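Everything below concerns the one structure shown next.
The values are calculated or read from the model by the stated rules, or taken from the named source; none is laboratory data. None of the values given here were measured: they were computed from a predicted structure. All Cβ positions, glycine included, derive from the backbone under ideal geometry; neighbour counts span all protein chains shown.
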Amino acid sequence: MPSPTDAEIFTRWANTEAPLLPILHAFHDRDGFLGEKAIHAISEALRTPIADLYGTVTFYHHFAQQAPGQSAPRVCTGPICKLKGADALLDAMRGEGATPMACSGRCDDPVPVLKGHQTLVACDGQMTPWYSPIPIPNPGGLEECVFASIREPDRGTHDGYRRTGGYLGLEKALATDPAAVRQTISDSGLAGRGGAGFPTGRKWDAVAEDPRGPKTIVCNADEGEPGCFKDRTLMDLDPHAVIEGMAIAAHATGATRGFIYLRYEYPETAQILERALKEARATGLLGGQTGFDLWVRRGGGAYICGEETSLLNSLEGKHPFPRNRPPFPVTHGYENLPTVVNNVETLASVPPILSNGADWYRQLGTGEHAGTKVISLSGDVLRPGNYEVPLGLPLSKLLHEWAGGVPEGRAIQAVTMAGLSGGFLAREGLDVTLDEPSIRAQGSFLGAGGIMVLDDSRDMVAVAHSAMEFFAHESCGKCFPCRIGTARLTERLGSGGPASFESWREEVDDIGSTMKATSACGLGMAAPLITESLARWFPDQVETHLNSTTS
Amino acid sequence: MIQQGQEEPAAIPTVNIDGANVPFTEGETLYEICSRQKKDVPTLCYDPRLDPFGGCRLCVVELEGARNPVASCTTRATAGMKVRTKTEAIENHRRTLLELVVSENRQVEVDELAGYASQELKILVERYDANRGRFQGKQSGQSRDDDDNPFILRDYDQCISCYRCVRVCAEQEGDHAISVMNRGFDTRITTEFNGLLRDSDCTFCGQCVQTCPTGALADKKALKHVDVPGKIEKTRSVCPYCGVGCSVDLLSKGDKLVGVLPAMDGPANEGALCVKGQFAFGFVQHDDRLKTPMVRDEDGKLHATSWDNALDRAAEGLRAVVERHGREALYAIASGRAPHEAAYTMQKMMRAGWGLNHIDNCSRA
């Protein structure tokens, strides 16, 4: 296929919804980078001030501004990949122009290398394409929600999806009054599975009750939290479940348009979703008479775009700083109009809830905890992967009975929670059940459900340092406590800062408490949990580290 | 007696600030109310002319019922809110924030000729007795010494990424010449393709300079006079360059004009100026400036003369024109660089003296 001209790109995209990201991608794909000529042309076509556009392009770390740009390999150096020798792989590939990239959401796989639109892994000395593995069934045969049919053959195609019960929830919803659909979701107890845990039914009610429109459903698929790879698995293996969930949400709220905001690092997922969307349109499930259509928009590489207001700014082509809240997206979301922003897993839970009923979903959880949660488990366990657990399941059961425990001869030293955002749990902190009240009582949170396991051979200060380096790299720069605080904490976990434990502790605690209290969004509030939990569980390792850097 | 169920007259909504109930109008932010109450809530990213941004977080206050302190600049008041502006915890966070900010900069002291808001950081650091030696580490920003434009110093070593410059350029000037590049600690204030101001859409209006709270963006013209001895005096005036009537505060040391500040309370400009009003004051004390009247003699050259002689010659010339062609042939243009009093006298002479309205000003914009 010949590469498109500027004019062809603008004809294709300039009059579509949320045009900036697809236009940036079209130029980036064509030229391999976003050069001055491209930015000039885009600025003119979209009538966007050129300095703003330039600044915004530089915000996204995957948009290259010069050759070799897109074609140069990017090696994941996330926390788990680091444990698996990512640094050595990166060094070996430096000759090809390889650069490091933050966790790319494949912590259950060999170290991934992103090259153009392909994810490759080193396999017997060859770089070979890699696809999302099917989740391991849980050993107790516990009933699942989003994974219930994901292992069925051809589940990713429209026909396969239909054959295994797909789109029944949508049919049922369309035959039901929107308010009743929302009531079912409220009754089910479903809450945001992206980490914030806001009741989904209440969110939908707020959007439905706002008289303004058009309304929008945004699927937050910017799964950037290190150690989280559940949304990718859901989209890769069960794309129609996400589409169906969005279509039900649209019916329930009166929305007419939708977006799946997908992280840059999931190019194969983009293709899978596009194919599924084509099928859904062809079979009359989207577009045309349905009054609802949705589009995939790929990000450019920025963890903060998983924060919903930053995501909305990114979609709108603005600088992706988080917005001030209130007002919230339910009233002032995409284009300042009522908008549902739901996580992939939340939306994928909706069709089975509609099919099987609110009570069915509620009772999947343990005790008073409603429903299930997909946990992305990685690191030093025998069987890493995604597990759909009943909320309230003891962590130790997941680690030992489901995932096979740590390798022989080792012991668990710590786990991370909420990917990295929840910091570490260790010793008696590991006696939690997988639900927010239990984990919050330990000063952490379950969040999006990424758990990284670290055995007793790991250097906790080094892990904390690379975690904080990640937060510093991803801090957007809007608010002072996060922009400066993440940099200072990174230095204090490396070779900088005070040498005595007491002064170290005092500085780190002061920075941390101010970040938690005053940061403008969740990134700056969560990052200090790394240092806080490190100092709580591993003060001896901190002291050893301080002694070694000063001697 | 009011019976149950009967509507009471609508009460004016109030918020409780540090124990006192304060009425407010719909849409007001907590910061605006606190300012009215003279609460002296600190801030570095706030400029009353700009949309609330919520970046520096110094203006956080405790709001009853909220899990965390809220930025008062971005929080709109609702009836019944209970706010505390100065608890020990809040003041400690403010001090820590200032210590963090200071740790990324090379220098806190800057000359006040740098710009209108240039002392804000310094004043807060002193007020909070923020420890400048704490939180040492790498420093942010990078001075653009290569930008040799004659007006705006871009000393980003002092930049604290409050984005007031970027926002004033977009929201007040409508210019969008400068923007934010990169992320986090690597954030930089930039122009298109990180170039020079003269290659950008910048009009050198200087508003970015005047809103900068650290002197990172500074007035190069004024800074030339740092070493002139004497205290800075401010004199309110009106910019002579055009008909808008922007209020300015002229800065002088002794009898020397050393700079111009836009008047934030100027009714026509509210803190805005253009490149001429802001930077083009050098002519006032320029060496080439005429210091005596000049007349052109028969040799065709200009010669210095007395005021009496010069005025006689002018009157003679004007009369000669009127005698030959009638008074309608007269037309007077005042210079934009002439004092207001001179411009006033000129029009008075034309209107009252000759009964004409043939007047103009060279910079009638």
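Can you find a residue that is out of contact with any Gly (no Cβ under 9 Å at 6 or more places or on another chain), farther than 20 Å from residue A:213 by Cβ and without any contact (Cβ under 8 Å) to a residue 24 or more places away in the chain anywhere in region A:305-318?
Within region A:305-318, the subset out of contact with any Gly (no Cβ under 9 Å at 6 or more places or on another chain) is A:310, A:313, A:315-318.
The next check asks that each one be farther than 20 Å from residue A:213 by Cβ; those that pass are A:310, A:313, A:317-318.
This time we only want the ones that are without any contact (Cβ under 8 Å) to a residue 24 or more places away in the chain, so: A:313.
The answer is yes; a qualifying residue exists.
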Would you kindly identify the helices (runs of 4 or more DSSP H) lying entirely within region A:8-75 that contain at least 3 residues that are within 15 Å of residue A:300 (Cα to Cα) and either among the acidic types (Asp, Glu) or modelled with pLDDT of 95 or more (or both)? A:20-31, A:50-59
Keeping to region B:273-296, report how many residues are surrounded by 11 or more Cβ atoms within 10 Å (Cβ to Cβ) and over 30 Å from residue B:223 (Cα atoms). 3
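Taking the condition surrounded by fewer than 18 Cβ atoms within 10 Å (Cβ to Cβ), without any contact (Cβ under 8 Å) to a residue 40 or more places away in the chain, charged (D, E, K, R) and touching a strand residue (DSSP E or B) at 6+ places or on another chain (Cβ under 9 Å), does residue B:126 pass?
Numbers: surrounded by fewer than 18 Cβ atoms within 10 Å (Cβ to Cβ): yes; without any contact (Cβ under 8 Å) to a residue 40 or more places away in the chain: yes; charged (D, E, K, R): yes; touching a strand residue (DSSP E or B) at 6+ places or on another chain (Cβ under 9 Å): no.
No; evaluated as a whole, the condition is false for this residue.
Of everything in region B:168-193, what is facing another protein chain (nearest Cβ under 7 Å) and closer than 15 Å to residue B:207 by Cα? Give them in sequence order.
If the condition is that a residue be facing another protein chain (nearest Cβ under 7 Å) and closer than 15 Å to residue B:207 by Cα, then B:176, B:177, B:178, B:179 are the ones that fit.
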Condition first: hydroxyl-bearing (Ser, Thr, Tyr) and crowded, with 20+ Cβ neighbours inside 10 Å. Can you find one or more residues in region A:274-287 that meet it? no
Report, by residue number, each residue of region B:85-106 that is closer than 26 Å to residue B:220 by Cα and surrounded by 14 or more Cβ atoms within 10 Å (Cβ to Cβ). B:101, B:102, B:103, B:104, B:105
Under the condition of being more than 11 Å from residue B:169 (Cβ to Cβ) and free of Cβ contacts under 8 Å to residues at least 40 places away in the same chain, which residue from region B:194-203 is nearest to the other protein chains (Cβ to nearest Cβ)? B:194
If the requirement is being farther than 15 Å from residue A:423 by Cα, assigned to a helix (DSSP H, G or I) and of a type in the set (Lys, Arg), which of these qualifies: A:536, A:458, A:505? A:505
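Is it true that some residue in region B:292-306 is in a helix (DSSP H, G or I) and at pLDDT below 95?
no
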Just to be sure, is residue A:201 in contact with a helix residue (DSSP H, G or I) (Cβ under 6 Å, 6 or more places away or on another chain) and surrounded by fewer than 22 Cβ atoms within 10 Å (Cβ to Cβ)? yes
Quick one: residue A:548 ticks every box in (1) modelled with pLDDT of 95 or more; (2) part of a helix (DSSP H, G or I) bar one, so which box is it? (1)
Residue by residue through region A:476-514, note down the ones that are within 7 Å of another protein chain (Cβ to nearest Cβ), at pLDDT 95 or above and over 27 Å from the mean Cα position of the chain (by Cα). A:507, A:510
Residues in region B:312-328 that are surrounded by 12 or more Cβ atoms within 10 Å (Cβ to Cβ), of a type outside the set (Val, Ile, Thr) and within 29 Å of residue B:363 (Cβ to Cβ) total 4
Please verify whether region A:206-216 includes one or more residues that are in a strand (DSSP E or B), crowded, with 16+ Cβ neighbours inside 10 Å and touching a Leu at 6+ places or on another chain (Cβ under 8 Å). yes
What's the total number of residues in region A:185-198 that are over 23 Å from residue A:306 (Cβ atoms) and surrounded by fewer than 24 Cβ atoms within 10 Å (Cβ to Cβ)? 3
Filter region A:417-446 for residues that are surrounded by fewer than 24 Cβ atoms within 10 Å (Cβ to Cβ) and not hydrophobic (A, V, I, L, M, F, W, C) and give the result. A:427, A:428, A:429, A:431, A:433, A:435, A:436, A:437, A:438, A:440, A:442, A:443
Under 7 Å between Cβ atoms, at least 6 apart or on separate chains: pull out the pairs that start in region B:228-252 with a residue that is without any contact (Cβ under 8 Å) to a residue 60 or more places away in the chain and end on any residue that is surrounded by 13 or more Cβ atoms within 10 Å (Cβ to Cβ) and among the acidic types (Asp, Glu). B:234/B:249; B:235/B:249; B:236/B:249
Qualifying strands (runs of 3 or more DSSP E) (wholly inside region B:182-248; at least 2 residues being assigned by TED's automatic domain parsing to the domain that holds residue B:110, closer than 30 Å to residue A:300 by Cβ and touching a Gly at 6+ places or on another chain (Cβ under 9 Å)): B:188-191
Pairs please, first residue from region A:358-375 and touching a residue at least 12 places away in the same chain (Cβ under 8 Å) and crowded, with 24+ Cβ neighbours inside 10 Å, second anywhere and in a helix (DSSP H, G or I) and among the aliphatic types (A, V, I, L, M), Cβ atoms under 6 Å, 6+ apart in sequence or on different chains. A:361/A:353
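So that you can scan it fast, the table gives a plain yes or no per residue for (1) under 23 Å from residue A:258 (Cβ atoms); (2) among the charged types (D, E, K, R); (3) surrounded by 21 or more Cβ atoms within 10 Å (Cβ to Cβ):
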position: A:3; (1), (2), (3): no, no, no
position: A:7; (1), (2), (3): no, no, no
position: A:14; (1), (2), (3): yes, no, no
position: A:22; (1), (2), (3): yes, no, no
position: A:27; (1), (2), (3): no, no, yes
position: A:33; (1), (2), (3): no, no, no
position: A:37; (1), (2), (3): no, yes, no
position: A:44; (1), (2), (3): no, yes, no
position: A:52; (1), (2), (3): no, yes, yes
Residue pairs within 6 Å by beta carbon, gap of at least six or interchain, first lying in region B:43-68 and facing chain A (nearest Cβ under 10 Å), second among the basic types (Lys, Arg) and not in a strand (DSSP E or B), listed first then second, are B:55/A:478; B:58/B:94
Of the residues in region B:319-343, how many are of a type outside the set (D, E, K, R) and part of a loop (DSSP other than H, G, I, E, B)? 7
Considering only residues that are within 13 Å of residue B:76 (Cα to Cα) and among the hydroxyl-bearing types (Ser, Thr, Tyr), look in region B:15-35 and name the one that is surrounded by the most Cβ atoms within 10 Å (Cβ to Cβ). B:31
